[in-house]
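**Student:** Starting off with a structure, shown below.
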Amino acid sequence: MRRFLPGLVLALAAMASPAQTLRWASQGDVQSMDPHSQNESLTNAINGQVHESLVNRGKQLEIVAVLATEWQQIEPTLWRLRLRPAVKFHDGSVFTADDVVFSVLRARAGSSDIRVYATALGEPRAVDVLTVEFRLAQVNPVFLQHLTTVQIMSRAWSEKHNATKALDFKNKEEGHAARNANGTGPFMLVAREPDVKTVYKRNPAWWGKFEGNVQQVVYTPIKSDATRSAALISGEIDFVLDPAPQDLPRLRNTLGVKVIEGAENRVLFVGMDQARDKLLYARVPGDKNPFKDLRVRKALYQAVDIETLKTKLMRGQALPTGGITPSPLGAFNDAALEKRLPYDLAAARKLMLEAGYADGFEVTMDCPNNRYINDEEICLALAAMWAQLGVKLKVNAMPRSTYFPKLQKYDTSMYLLGWGGSITDAETTLTPVLRSRVPGDPSGVGSWNFGGASDARLDELAGASSREPDAKKRESLIKSALARHNELVLNIPLHRQVIPWAARSNVSVLHRADNWLEWQWVSVK
């Protein structure tokens, strides 16, 4: 029988332990540990490893049971859910219906950035310790999909740490929940250093079954595309969520590295301030707001050379679209709703002339520089294209931690935004992004309509689709609302992201179209 010396056994054990640590990176950092404070995809995905929702997404984005084991629509406006027994929070306290009611109310109140979804769930009520009911004000055709967006917190922990309200991220509110967390999920927060690194460990008391072998996770934001790729190639990190398109050929041909192909449910578009009579950040003849003129919006749209963006800048890692939903499924794969206005510089110049802006104008465009693939570069490319119309575009690029609060204060004249996630239904675009903002409305309708675009007919159609139980009637309403948006060019669509992942060859991950890395499925060999 082969014998190993004690020293060698210890050395082998020391070598084996890092193999169960996942070190990964993306260009920006998670915004907050508070799961209701900021509705941003990376933030939701990372917090979703600590906090769980009642139902969530499986490997094919299907609805799966999580903290709820069964659900039933008792009446058109009443849902009843049975909760998973014997679940504990990371501090050892027991999960109950009281935590669900607390979390939903917290998520729909005040500064919560997911209040539009939580409000759509209606009034929660604890029937008993493991049963909760939701009484809705109106039929919600996507109730279960909305349910995936609310991550559950411990009421007792929140009360103990003065965290009963979602932190106001846009106004830089700090609190215990910004850097600490106590969920029921498969991983526990160990250490949080904003913009440096965040460390997690496996939850040994998790109710579920791990498919992967990861024991520890270290997330490090790395803004530079070249530095992220170099760190992966050198083995300093194991996984990159957002490799730059220009680095993909090199990564595909690097020994020890693999690229996991996949598109994302995310559409990128340009929004414009259409609410103010005078733009905040612009120099326009006559001090007017040119974005209030359909001809100007259409001219800018038709001056976008989308194929050059796709081939030269995005290196083919983009799917140009005239649609405004994250996935064409949101528009029922309707070709007419997906069709772009043609690139036509002559037509664009004619429209500018007719609108009274033959010599163009100056305007500032807010743009993140660490959120979407080539985000700042897209804005710079648009500046060059629109210069042919005489439009002088100043690109104001900034980190996402500054960018999103700026937009959420409506402190913008023009901006680049990406919208997407696991929900492909048009509801989560129509209600928060396309419907009109209503001052003082706590429901969150229009809360991500940063340009203040408003159309009564679109509001009517979109609002009706939110409560229509008949599938065919609802499809017709949604298509009509999206067609109205396209007709008015309320936003300028660009493309849907294609976002391959990159990893060391010894790392096994599952790519999903919501760009959500689920750690419990990851193995590091």
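The values are calculated or read from the model by the stated rules, or taken from the named source; none is laboratory data. This is a predicted model, so every value here is computed, not measured. As a convention, Cβ positions derive from the backbone with ideal geometry for all residues, glycine included, and neighbour counts pool all protein chains shown. Just so you know, the surface numbers come from the protein's heavy atoms only, side chains and all, with ligands and any DNA or RNA stripped out. Shrake-Rupley method; radii C 1.70, N 1.55, O 1.52, S 1.80 Å.
**Student:** Would you check which residues across region 289-305 are open to solvent by 20 Å² or more (accessible area, probe 1.4 Å) and either more than 22 Å from ASN396 (Cα to Cα) or assigned to a helix (DSSP H, G or I) (or both) and list them? If you could, list the steps in order and put the result at the bottom.
**Tutor:** Kept after step one, since they are open to solvent by 20 Å² or more (accessible area, probe 1.4 Å), are these residues of region 289-305: 292-295, 298, 305.
Within region 289-305, LYS292, ASP293, LEU294, ARG295, LYS298 qualify.
**Student:** If you take the residues in region 130-178 that are acidic (Asp, Glu) and in a loop (DSSP other than H, G, I, E, B), which one is most open to solvent (accessible area, probe 1.4 Å)?
**Tutor:** First, pick out the residues of region 130-178 that are acidic (Asp, Glu): 133, 159, 168, 173-174.
Still in the running and in a loop (DSSP other than H, G, I, E, B): 168, 173-174.
On the way: ASP168: 31, GLU173: 89, GLU174: 123 Å².
Result: GLU174.
**Student:** Condition first: assigned to a helix (DSSP H, G or I) and charged (D, E, K, R). Now tell me which residues in region 106-122 satisfy that.
**Tutor:** Taking region 106-122 as the starting set, the residues that turn out to be assigned to a helix (DSSP H, G or I) are 106-107, 115-119.
ARG106, ARG115 - these are the residues of region 106-122 that are assigned to a helix (DSSP H, G or I) and charged (D, E, K, R).
**Student:** Among the listed residues LEU490, LEU510, identify the single one that is at pLDDT 95 or above, open to solvent by 40 Å² or more (accessible area, probe 1.4 Å) and under 23 Å from the mean Cα position of the chain (by Cα). Spell out how you get there, then give the answer.
**Tutor:** Values: LEU490 fails: open to solvent by 40 Å² or more (accessible area, probe 1.4 Å).
After ruling out the rest, the residue left standing is LEU510.
**Student:** Of a type in the set (Asp, Glu) and closer than 29 Å to THR308 by Cα: which single residue out of ASP375, ASP459 fits that description?
**Tutor:** ASP375
**Student:** Same structure again: Tally time: how many residues in region 198-219 are touching a residue at least 24 places away in the same chain (Cβ under 8 Å), assigned to a strand (DSSP E or B) and open to solvent by 40 Å² or more (accessible area, probe 1.4 Å)?
**Tutor:** Here the count works out to 1.
**Student:** Considering only region 454-476, how many residues are of a type in the set (Gly, Ala, Ser) and either part of a loop (DSSP other than H, G, I, E, B) or in contact with a Lys or Arg (Cβ under 9 Å, 6 or more places away or on another chain) (or both)?
**Tutor:** Applying the first criterion (of a type in the set (Gly, Ala, Ser)) to region 454-476 yields 454, 456, 462-466, 471, 476.
Next cut, either part of a loop (DSSP other than H, G, I, E, B) or in contact with a Lys or Arg (Cβ under 9 Å, 6 or more places away or on another chain) (or both) only: 454, 462-466.
So the count comes out to 6.
**Student:** Picking from GLY286, GLY256, which residue would you name as being surrounded by fewer than 22 Cβ atoms within 10 Å (Cβ to Cβ), within 30 Å of ARG437 (Cα to Cα) and among the small types (Gly, Ala, Ser)?
**Tutor:** Working: GLY256 fails: within 30 Å of ARG437 (Cα to Cα).
Being surrounded by fewer than 22 Cβ atoms within 10 Å (Cβ to Cβ), within 30 Å of ARG437 (Cα to Cα) and among the small types (Gly, Ala, Ser) holds for just one of GLY286, GLY256, which is GLY286.
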